[in-house]
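Comments concern the structure below.
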Amino acid sequence: MKLTKNKAGHEDKTYCDGVIPMSLLKLPPNARIEKIEWAILQGERPRSAGSNARIGVHGKTVSERMARVTIDGVSGFGWSLLTKEEAEPLIGKTVSEIFHPENGFIQPQFRSIEFALLDWAGQILQKPVYELISRQAISGPVAVPCYDTSLYFDDLLLDNDAEAVKLLQSEAAEGWDKGHRNFKIKIGRGGRYMPNVEGMRRDIAIVRGIREYTGPDSRIMVDANNGYNLNLTKEFLLGVEDTKLYWLEEAFHEDDQLYADLREWMKQREMHVLISDGEGLAAPPIVDWAEKGLIDIIQYDIRFYGFTNWLELGIRLDKSKIKSAPHNYGSGYGGYASGHLALALDGFQFVEWDTIVVEGIDASGYSISDGMLHVPSKAGFGLDLDGSYFSRMVTENGWRL
């Protein structure tokens with residue numbers, strides 16, 4: 001281990017082999033998992049989310065699947081897809097079995113409840129999760145860049161492009177009023193819902209319209225959800241060349257030959273748009289491609305790929321100077337977790353923010369202003385669970401052990 005100084009001048013301990021030093025090693029090793037409870041909590045967006053290039057209307061309501069884990073009389077909670085059958089062998093396991101004895105990472109067999117375990121650890125140590133995993137000493141308030149991810153295909157019933165632009169501008173204005181200054185726009189209307197020519201024209205018009213609304217300083221990202229091919233991608237980029245796009249996400253299905261072609265084409269035209277990919281069923285060698293310079297930003301999902309997997313991957317990405325921007329959609333919880341993960345990744349770009357209010361969860365410690373997510377310094381993930389409501393939901397739609 002060596003001592004370094006972070007940007008604030010604090011002493012910082014960093015392992016020479018790149019492993020993150022974690023306060024989690026200070027947890028009581030013999031404490032055991034006493035109880036696991038699981039339930040579905042209902043969440044709601046401020047407005048219904050439309051289609052993207054692949055999937056129809058996403059709607060206004062979402063389901064957050066949550067687990068509460070009790071160890072040594074203290075509970076932590078978090079998102080989980082754990083089944084009752086998978087949970088049974090975990091009862092009685094000790095903290096020394098759960099956390100790696102050398103680096104503090106949660107062992108693979110317990111990662112199905114990793115969010116609840118990290119929240120529990122924060123409660124025990126009376127520290128926010130970001131402080132447990134950060135490579136630097138943290139002092140003062142924590143704020144992380146975020147973007148509004150709500151600009152979907154809400155315009156498909158409109159025949160006029162100008163009216164479509166006004167609609168999306170009004171939605172961007174809603175995000176602006178909530179404190180957002182950065183926006184991601186869904187594109188690829190011609191992939192499923194509109195003829196190619198009309199869909200491309202509208203994609204371009206809307207991106208230009210959002211830039212007109214936000215002004216030059218906002219970061220604007222676009223996501224085609226694989227709705228383009230290589231040539232359509234080039235046509236789109238030419239159509240928005242003067243809008244200062246920050247990144248282009250999932251333009252087409254992952255293919256290193258097509259990405260190499262696109263990268264060379266962009267280089268010849270001195271286009272400085274970043275390429276991002278990794279959401280969903282990403283190609284297995286996508287990180288290898290990023291290390292070869294074909295992709296700039298990796299976007300594995302914060303929930304389904306996993307928090308601890310991201311910690312491990314982040315070591316590799318940061319070593320190669322590859323940027324990271326965990327995907328999060330369909331979950332308010334994933335946005336909160338991403339705010340903590342950001343402190344462990346040098347190349348972290350943005351929290352993807354899907355505004356969802358979940359009944360039974362108090363997230364009032366989090367706030368957004370001037371394009372930044374302000375993360376509370378409360379223990380764990382900084383969220384408060386209504387215990388009696390959660391217990392009722394466990395009885396109604398979940399299970400307990």
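The values are calculated or read from the model by the stated rules, or taken from the named source; none is laboratory data. Keep in mind that what you see is a predicted model, and the values were worked out from it rather than measured. FYI the Cβ positions are ideal-geometry reconstructions off the backbone, even for glycines, and counts take in every protein chain you see. For accessibility, only protein heavy atoms count, side chains too; no ligands or nucleic acids. Shrake-Rupley method; radii C 1.70, N 1.55, O 1.52, S 1.80 Å.
Across the stretch 254-263, rounded Karplus estimates of 3J(HN,Hα) from the backbone phi angles (6.51 cos²θ - 1.76 cosθ + 1.60, θ = phi - 60°) give 3, 7, 5, 5, 5, 5, 5, 4, 4, 4 Hz, Gly and Pro being marked x.
Remark on residue 373: its backbone amide H falls under 5 Å from those of 144, 146, a criterion applied only to residues 5 or more positions apart or on other chains, H modelled at 1.01 Å from N.
Note on the chain: helix-only mean residue ellipticity at 222 nm, from DSSP H runs of 4+ residues weighted -39500 (n - 2.57) and normalised by residue number, equals -9000 deg cm²/dmol. For a label point 7 Å from the Cα of residue 63 along Cα→C-beta, name the residues of the stretch 379-401 whose backbone N is under 11 Å from it. So the set is 397-398.
Annotation: amide H of residue 295 within the under-5 Å range of 290, sequence separation 5 or more or interchain, hydrogens built in the peptide plane.
Sorting 270, 64, 163 on solvent-accessible area from highest to lowest, probe radius 1.4 Å, gives 270, 163, 64.
Scale the Cα Rg of the chain by the rule-of-thumb value 2.2 N^0.38 Å and send over the ratio, two decimals.
In units of the globular-protein estimate, the chain measures up at 1.01.
Against the criterion of solvent-accessible heavy-atom surface with a 1.4 angstrom probe, 272, 253, 180 sort, most first, into 272, 253, 180. The phi-based Karplus calculation (6.51 cos²θ - 1.76 cosθ + 1.60; θ = phi - 60°) puts the 3J(HN,Hα) values of the stretch 357-365 at 9, 9, 4, x, 10, 9, 10, 5, x Hz, whole numbers, x for Gly and Pro. With θ taken as phi - 60° and the Karplus curve 6.51 cos²θ - 1.76 cosθ + 1.60 applied, the whole-hertz 3J(HN,Hα) list for the stretch 172-188 is 4, 5, 4, x, 4, 5, 7, x, 6, 10, 10, 9, 10, 10, 6, 10, x Hz, x standing for glycine and proline.
Once C-alpha pairs closer than 8 Å and six or more residues apart are averaged by separation and normalised to the residue number of the stretch 67-205, the relative contact order reads 18 percent. Between residue 396 and residue 74, full extension at 0.36 nm per residue minus the direct alpha carbon distance yields a gain of 113.6 nm.
Per residue, the accessible area of the stretch 245-350 comes to 37 Å², computed with a 1.4 Å probe over protein heavy atoms only. Across 178, 184, the residue with the most accessible area heads the list, and the full order at a 1.4 Å probe is 178, 184. When both the stretch 23-102 and the stretch 117-155 are represented by their alpha-carbon centers, they are found 16 Å apart.
Taking the longest Cα principal axis of the chain as reference, the axis of helix 196-214 is set at about 70 degrees. Fully extending the segment from residue 158 to residue 346, taken as 0.36 nm per residue of separation minus the present Cα-Cα distance, adds 63.4 nm. Using the alpha carbons alone, the radius of gyration of the stretch 20-153 stands to its Kirkwood radius in an Rg to Rh ratio of 1.05. Rounded to the nearest 10 square angstrom, residue 51 shows an accessible area of 10 square angstrom against a 1.4 Å probe. Return the long-range amide H neighbours of residue 71 (sequence gap of 5 or more, or a different chain), with a cut-off of under 5 Å between placed amide H atoms. Residues meeting the amide H criterion: 34, 76. When you filter the GluC sites (Glu not before Pro) in the stretch 164-219 for DSSP loop state and at most 13 other Cβ atoms inside 10 Å of their Cβ, nothing is left. Each part gets one Cα centre, and for the stretch 183-236 versus the stretch 271-294 those centres are 19 Å apart.
Taking all protein chains as they are arranged and a probe of 1.4 Å, the heavy atoms of residue 354 leave approximately 10 Å² accessible to solvent.
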